[in-house]
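> Sharing a structure, written as structure tokens. Questions coming.
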Amino acid sequence: MTIERNQNNDIRTLVHDARGPLNRISMNAELVKLVLENDLPREKAVDALSKIIAACQDCSDKLQMISDSQKDNNH
Amino acid sequence: MLKVLLVDDDNEFTDVAYQIIEFLGHEVSVAGSLKEARQWLEHQQFDHILLDFMLPDGSGLHLIDELDLSTGKQTFITLITGHPSVKGMLAGLCGPNVNYLVKPLQREDIEEVLNRKSKKAVKKVSKALHFGCLIGESAPMQELYLMIERVAKTNANVMLMGESGVGKEVVAQAIHSASQCEGPLIATNCGALSKELIGSELFGHEKGAFTGAVGRKDGVFERAENGTLFLDEVTEMPLDMQPNLLRVLESKRVTRVGGTKEIDVNCRVVSATNRSVNELAESKVLREDVYFRLAVFPIDIPSLRQRKDDIPLLAEAFLNELNEENGTSFAWSKPQLTRLTDYDWPGNVRELRHAVHRAFIMSDPESSTIDLPSSFASPFASNSTSSNQISAGQTIENVEKELIRATLEKVNGSKTLAAEMLGISTKTLYNRLHAYGDFEE
């Protein structure tokens with residue numbers, strides 16, 4: 001019972017961690033929208049898009065960790 | 001404008017959130033930990049704190065407790081959490097001054113928590129603004145935006161031409177904003193200055209240069225250092241002052257009135273006139289050499305009747321502004337917007353803005369329906385229409401055509417009445433209409 005609770009907590013923490021890069025993706029995408037809607041300097045949008053790409057990779061790594069932890073729990 | 005403290009240990013998030021919140025018109029300070037947040041709060045009071053739930057040195061909840069004790073002023077707190085499950089836990093805390101947001105956040109979420117009153121209106125207006133100040137999506141405006149974008153990247157002097165009320169100063173502001181220059185935008189109206197004072201206004205003066213010069217004064221060229229100088233109604237500048245202006249434009253140096261030292265100046269000059277190029281050439285109000293220095297990049301700003309599609313957008317924006325200022329919720333009906341669009345607005349955007357303001361004042365604040373006056377015509381409107389219709393350089397045929405069109409419009413299409421007004425026979429009128437083809441029914 002305690003082991004199961006610990007496993008659930010671990011997953012919750014991993015999901016929480018995955019929201020970090022998701023949050024960066026969302027906010028940087030909002031910034032790109034602002035740049036395009038208001039004709040702000042293009043560089044800002046390019047920079048935000050690079051951050052989105054990096055955060056996607058980060059998010060993917062974190063999802064992989066969730067998947068791996070699930071595998072470990074099943075074994 | 002709110003003073004916002006953003007507390008989160010994710011630097012990338014705070015970087016981007018900072019830019020977005022700043023764009024929304026608020027002043028932002030950032031803290032990466034509880035310790036840093038406490039340091040900010042020691043010295044400043046904030047209207048709103050966006051607070052991460054889990055920080056490296058403790059929970060954001062600690063800060064809420066401390067705030068209750070330390071501040072007398074009402075501070076609104078939004079807890080940001082990555083755990084939707086925390087929602088339940090926070091429910092007990094959520095008094096009127098505490099709420100929460102769950103990551104990932106969107107701009108709308110932030111707008112909503114920061115501006116609980118009128119978020120929809122703010123969003124609508126900010127979306128419609130180009131360069132932070134121009135409204136319009138019509139083809140002539142898209143062309144104008146492109147020109148502003150292109151010229152903003154250079155340091156070329158710009159001459160804005162267009163009828164009175166088209167928004168020349170707003171376009172100057174747009175060029176200034178798009179240039180992202182370090183200096184300020186300084187505006188001066190050459191038509192509003194007396195012949196005696198214009199030199200002092202433009203180039204500054206030294207103490208004692210003339211009676212009344214009790215101290216030294218910097219001219220607008222100096223004040224616009226590294227920025228933009230907007231010379232409105234530049235064609236109203238006295239001819240004998242223009243060689244001095246030319247010298248500054250060519251040498252990029254000014255000498256204050258009564259001074260001997262030359263001072264380097266660096267600014268883009270955006271000038272404006274409501275005269276057309278033809279008028280400028282004929283009236284000789286502006287020296288040719290000055291014109292070529294000022295109009296390195298001339299921009300024609302379209303009149304409002306050339307971009308009728310933008311009238312509903314502008315009317316909505318002006319009404320939204322008034323609604324926000326006064327806490328009202330007036331809205332246009334479709335027939336009202338059609339009426340506004342059908343009118344020619346000889347006084348352009350300025351006239352439209354005033355008409356909206358007049359209608360706003362006349363409307364019952366308890367209702368959401370706005371009352372438009374039965375007529376928009378103003379004494380100046382008719383003058384400007386007639387003076388704009390005939391200008392040097394037009395062919396006689398075109399002027400005649402325009403005269404017939406205007407007369408027919410005036411008498412609601414009655415050819416007999418039109419012929420009478422024009423002093424020609426109905427047969428001649430028919431012949432002319434037949435020759436032009438355009439008027440054939």
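The values are calculated or read from the model by the stated rules, or taken from the named source; none is laboratory data. Only a predicted model underlies this, so the values are computations on that prediction, with no experimental measurement involved. Positions of Cβ are generated from backbone atoms using ideal geometry, with glycine treated the same way; all protein chains shown enter the neighbour counts.
> Answer yes or no as to whether B:Asn266 is surrounded by 16 or more Cβ atoms within 10 Å (Cβ to Cβ) and assigned by TED's automatic domain parsing to the domain that holds B:Lys195.
no
> Separate question: Which pairs do you get when a residue that is surrounded by 12 or more Cβ atoms within 10 Å (Cβ to Cβ), found in the range B:413-441, comes within reach of a residue that is modelled with pLDDT under 80, reach meaning Cβ atoms under 7 angstrom, with the pair 6+ apart or on two chains?
The qualifying pairs are B:Leu417/B:Val411; B:Ala418/B:Val411; B:Met421/B:Val411; B:Leu433/B:Phe439; B:Leu433/B:Glu440.
> Name the single residue, out of those in the range A:10-69 being acidic (Asp, Glu) and more than 7 Å from chain B (Cβ to nearest Cβ), that is farthest from B:Phe13 (Cα to Cα). If you could, list the steps in order and put the result at the bottom.
The first filter runs over the range A:10-69 and keeps only residues acidic (Asp, Glu), leaving A:10, A:17, A:30, A:37, A:39, A:43, A:47, A:58, A:61, A:68.
When the remaining residues are screened for being more than 7 Å from chain B (Cβ to nearest Cβ), the result is A:10, A:17, A:43, A:47, A:58, A:61, A:68.
Values: A:Asp10: 24, A:Asp17: 13, A:Glu43: 18, A:Asp47: 13, A:Asp58: 14, A:Asp61: 18, A:Asp68: 27 Å.
Taking the candidates together, the pick is A:Asp68.
> Among the residues of the range B:271-307 satisfying the criterion of being without any contact (Cβ under 8 Å) to a residue 60 or more places away in the chain, outside any loop (DSSP other than H, G, I, E, B) and not hydrophobic (A, V, I, L, M, F, W, C), which is farthest from B:Gln336 (Cα to Cα)?
Filtering the range B:271-307 for residues that are without any contact (Cβ under 8 Å) to a residue 60 or more places away in the chain, outside any loop (DSSP other than H, G, I, E, B) and not hydrophobic (A, V, I, L, M, F, W, C), the one farthest from B:Gln336 (Cα to Cα) comes out as B:Asp289.
> Still on this model: What number goes with the only condition from (1) within 11 Å of B:Val270 (Cβ to Cβ); (2) within 14 Å of chain A (Cβ to nearest Cβ); (3) not hydrophobic (A, V, I, L, M, F, W, C) that B:Lys168 does not pass?
Here B:Lys168 clears every test but (2).
> Give B:Leu144, B:Leu193 a once-over and let me know the one that is surrounded by 18 or more Cβ atoms within 10 Å (Cβ to Cβ) and touching a residue at least 40 places away in the same chain (Cβ under 8 Å). Reasoning before the result, please.
Details: B:Leu193 fails: touching a residue at least 40 places away in the same chain (Cβ under 8 Å).
Result: B:Leu144 is the single residue among B:Leu144, B:Leu193 that is surrounded by 18 or more Cβ atoms within 10 Å (Cβ to Cβ) and touching a residue at least 40 places away in the same chain (Cβ under 8 Å).
> Identify, please: which residue in the range B:308-343 is without any contact (Cβ under 8 Å) to a residue 40 or more places away in the chain and among the hydrophobic types (A, V, I, L, M, F, W, C) and is, among those, surrounded by the fewest Cβ atoms within 10 Å (Cβ to Cβ)?
Within the range B:308-343, the match that is surrounded by the fewest Cβ atoms within 10 Å (Cβ to Cβ) is B:Ala331.
Yes or no, residue by residue, for (1) farther than 23 Å from B:Val265 by Cβ; (2) at pLDDT 85 or above; (3) within 12 Å of chain A (Cβ to nearest Cβ):
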residue	(1), (2), (3)
B:Lys120	yes, no, no
B:Lys123	yes, no, yes
B:Gln142	yes, yes, yes
B:Pro184	no, yes, no
B:Ser200	no, yes, no
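> For the list (1) in a helix (DSSP H, G or I); (2) at positive phi, I need the number of the one condition that B:Leu67 fails.
Looking at each condition in turn, B:Leu67 falls short on (2).
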